[in-house]
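Enquirer: Attaching a single structure in structure tokens format; questions to follow.
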Amino acid sequence: MGWFKKKNKQDQKDETTSRPVEGQADEIENRHSRADVSSPDHRDCDPSDEDAGRKKSKGFFRQLKRGLSKTRDVLTTDIDELFRGRKKLDADLLEEIEELLITSDMGVETTMTLIDRISKKSGGISNAKELKAVLKAEVCALMAKPAPATASPRKPHVIMVVGVNGVGKTTTIGKLAARFAGEGKGVIIGAADTFRAAAVEQLTIWAERAGVDIVKHRDNADPAAVAFDSVEAATARGKDIVIIDTAGRLHTKVNLMEELKKIKRAVAKKLPDAPHDIYLVIDATTGQNALSQAKLFNDSMGITGLILTKLDGTAKGGVVIGICNTLDIPLTYIGVGEGVDDLQKFDPEQYAEALFS
Ligand SMILES: Nc1nc2c(ncn2[C@@H]2O[C@H](COP(=O)(O)OP(=O)(O)O)[C@@H](O)[C@H]2O)c(=O)[nH]1
Ligand SMILES: [Mg+2]
């Protein structure tokens, strides 16, 4: 007997003695202090509840939906097909849904949790539309985390950006710089990826595009010295934010993590509590590898926020759900394209809506 068949039998037994919906609501309440996901039917995951502020982000929502189109096509088209000719969510169908969720790369653990929750509600699911509604609500509940405590703003606020080669660090820094500048903040970018001349050129173009200052040294300069000078320049010029670009792979035998730690120490030498944030950029197209990268970098560097890029180029958008469900590091921004505006603050409700509608 398959896992789901066993599980389903067990659940049918439980149904008579417990109230799974309420039990689950308690669990959500315990895990997430945010009131907006604590209701058992997750009404707040429905954007029809949008307030005025949210309406403004309709354009962002469309852009997000476009970016997630590959993942959404796999999830929603296949759910429609799986349900064709069927009238209820039985154990066989649950098994097929499990396979489908696995292909979106949310990970085994997260898939199991979702299947478990869906199977508890299987009595109320008789078509694809109902299944998608339940999935959307449950995915939303899995991703929602209490907002991280915001520290009192520092000036300058120093952000170090790390991650392996090619994940989108430099591009993301350009987008972030433009975003902060658009909010009226003074920004300086530090070109501490000094190992390739092209990297500094690329960042210079982004700085121009965003209309912000850049601090750079000659090729092969000491990255820690660039970082130090960037913070010094920001202090001298009264800037609000410093964003430091770093290398993802080194030509020499120098260990990447050691080099990154050196940059971190150099920044702290100039400004004792800096860097205030260390963002890890990961590429969503790498699927489950994204999770292991996050663990690795977090152990060495102490990551304060994740940025997941290239969600527009992949059918593995489920990796966001896995990351939110299994890691304690908040997902701060997501990249949905190569343009300057293609960076969005991560919003679990919006993300779930974009995946299943
Ligand atoms: N489609 C897409 N491409 C991206 C995104 N972010 C970055 N890229 C592309 O990924 C490639 C590597 O980016 P880069 O910023 O140089 O990565 P780095 O090595 O980490 O600095 C470039 O071609 C970028 O245009 C994104 O959100 N979506
Ligand atoms: Mg780069």
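Enquirer: Would you kindly work out the equivalent ellipsoid of segment 157-356 from its C-alpha gyration tensor and give its semi-axes, the square roots of five times the eigenvalues, largest first in whole Å?
Expert: Computed over segment 157-356, the values are 26, 19, 15 Å.
Enquirer: Show me 160-168, 127-135, 214-222 ranked by packing, highest mean number of other Cβ atoms within 10 Å first.
Expert: So the order, starting with the most tightly packed, is 160-168, 127-135, 214-222.
Enquirer: Identify, among PRO275, GLY287, PRO330, the residue whose Cα sits farthest towards the positive end of the charge dipole of segment 230-357, taking +1 on the Cβ of Lys and Arg and -1 on the Cβ of Asp and Glu, with the dipole about the Cα centre.
Expert: The listed residue farthest towards the positive side: PRO275.
Enquirer: Looking at this model, which pairs from LYS87/LYS136; LYS155/LYS310; LYS58/LYS295; LYS58/LYS136; LYS65/LYS120; LYS132/LYS345 are more than 27 angstrom apart at the alpha-carbon?
Expert: Over 27 Å apart, Cα to Cα: LYS155/LYS310; LYS58/LYS295; LYS65/LYS120.
Enquirer: If you don't mind, there's one more thing I want to ask. Would you please give the residues with an amide H less than 5 Å from that of VAL158, counting only those at least 5 places away or on a separate chain, with H modeled from the backbone geometry?
Expert: VAL242, HIS276, ASP277
Enquirer: Also, I was wondering about something else. Filter LYS145/LYS316; LYS216/LYS261; LYS70/LYS129; LYS145/LYS262; LYS88/LYS316 down to the pairs with a C-alpha to C-alpha distance above 24 Å, please.
Expert: LYS145/LYS262; LYS88/LYS316
Enquirer: Can you run phi through the Karplus equation (6.51, -1.76, 1.60; θ = phi - 60°) for segment 202-214 and list ³J(HN,Hα) in whole Hz, with x for Gly and Pro?
Expert: 4, 5, 4, 4, 5, 4, 5, 4, 7, x, 10, 6, 9
Here, each number is a calculation from the coordinates, and none is a lab measurement. None of these values were measured; they are calculated from a predicted model. As a convention, Cβ positions derive from the backbone with ideal geometry for all residues, glycine included, and neighbour counts pool all protein chains shown.
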